[in-house]
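Computed from the coordinates by the stated procedures, all read-outs in this text should not be read as laboratory data. Predicted model only: the values in this text are computed from it and were never measured. Using ideal geometry, Cβ is built from the backbone for each residue, glycine included, and neighbour counts are taken over all protein chains shown.
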Amino acid sequence: MLNRDKSTGRFISTDGCGRSQAERAIIAVRRRRVAKLYPERTPTEIGAELGWAKPTIDKDVAWLVEHGLVERQRPGPRRKYPEPEERKCAGCDRRFTPPSWAPDQRFHSIPCARANQTTDRVREVARRLKTEQRRRADAQIARLNEAGYLTSRQLAAERKVNEATVSQWIARGLLTAERCMIEGEPHQLIAREERDRFNREEWPRIVERMGPGYPANWGRLPRERWSGRKNRELAAAKGKKVGRRSDLDSAEVEEARELRARDWSNERIARHLTRLRSGPPGVSRHQIQRALGPRRKLRETPRP
Ligand SMILES: [Zn+2]
């Protein structure tokens, strides 16, 4: 196997680095083939195809990367499908790019697919069934109301909070409720006496803990729901009071002005006015600032 010169004992036709010209040629050919296959195929696959061991292919890849001939593929499984291309929605002609996990998606959204894939007849039947179900549910809730029960949704509407909030009150034991199914949907029933007790005992404590402003974790919707700015048109049509209900009335402004004259801070005035109100919403220091303008601070330590 060893190719030595008989007379000198040295390797024949090597360059002194341990590889013959023939070996170098083979390596160069193999590296060219690896460079063509590499990013799409793994070293294991390339090795199986070319008939070399995986460590050999790994070394070739390392050499190719070092010489800038291929880019290192990140570890992990290869992408299963090609990157989806932008296309026209089959329902509404809008341009969209399907997600990588659904390259065959034809509609730009689920509502669009539903609107364009179902027939009129199917939609018609579904709508009728749903309407009937709602009517039956409403009738049953009306009967329960007459029997002295409220659903958690009704209590949530009364207290202008989310239904999930009522569920939390129930879970924390602030409110006692009874689970029941109405037309296949889970509801929680609250007896009217229990509602009155809650309003009397628990609600003031909840409001107090919330403070004069909105809780920091409230987003736009809870704030709008609370302040009556949500469904403004609907409420106006029903003849309810809408809009910002947290603005100060003239008596409160007068009171605030007096307290300001006594050099109370906006925050202290806001707390005071909140306490005077019978219920939420409270007054915030920003409202005091809006009503009275910026506060001129008295210097507490006289300058020498
Ligand atoms: Zn569409």
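What the table below lists for this structure:
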quantity: Under the span-like rule (Cα at least 20 Å along the axis, Kyte-Doolittle mean at least -1.0), DSSP H helices of the chain; calculated: 21-37
quantity: Cα centroid of the range 177-197 to Cα centroid of the range 28-94, whole Å; calculated: 61 Å
quantity: Counting all C-alpha pairs of the range 21-66, share separated by more than 18 Å (%); calculated: 16 percent
quantity: Peptides 262-273, 178-189 ordered by average Cβ neighbours within 10 Å, highest first; calculated: 262-273, 178-189
quantity: Whole-angstrom Cα spans of the range 142-210 along principal axes, big to small; calculated: 37, 21, 20
quantity: Potential lengthening between A102 and D263 on full extension [0.36 nm per residue; Cα-Cα distance subtracted]; calculated: 51.5 nm
quantity: log10 of Debye I(q)/I(0), alpha-carbon scatterers only, for the chain at 0.06, 0.08, 0.10 Å⁻¹; calculated: -0.56, -0.74, -0.87
quantity: Most mobile listed residue (W226, W203, W63) in the chain, GNM with C-alpha springs under 10 Å; calculated: W63
quantity: Radius ratio Rg over Rh of the range 126-269, counting only Cα atoms, Kirkwood formula for Rh; calculated: 1.07
quantity: Lys pairs, the chain - Cα-Cα below 24 angstrom, 8 or more residues apart or on other chains; calculated: 12
quantity: Over the chain, relative contact order from alpha-carbon pairs under 8 Å, at least 6 apart, %; calculated: 8 percent
quantity: Per-residue [θ]222 nm for the chain (sum of -39500 (n - 2.57) over DSSP H runs n ≥ 4, rounded to 500); calculated: -14500 deg cm²/dmol
quantity: Among R197, R135, R72: highest mean-square fluctuation, GNM of the chain, C-alpha pairs under 10 Å; calculated: R72
quantity: Chymotrypsin sites (Phe, Trp or Tyr not before Pro) lying in DSSP loop within the range 89-154, provided at most 14 other Cβ fall within 10 Å; calculated: W101
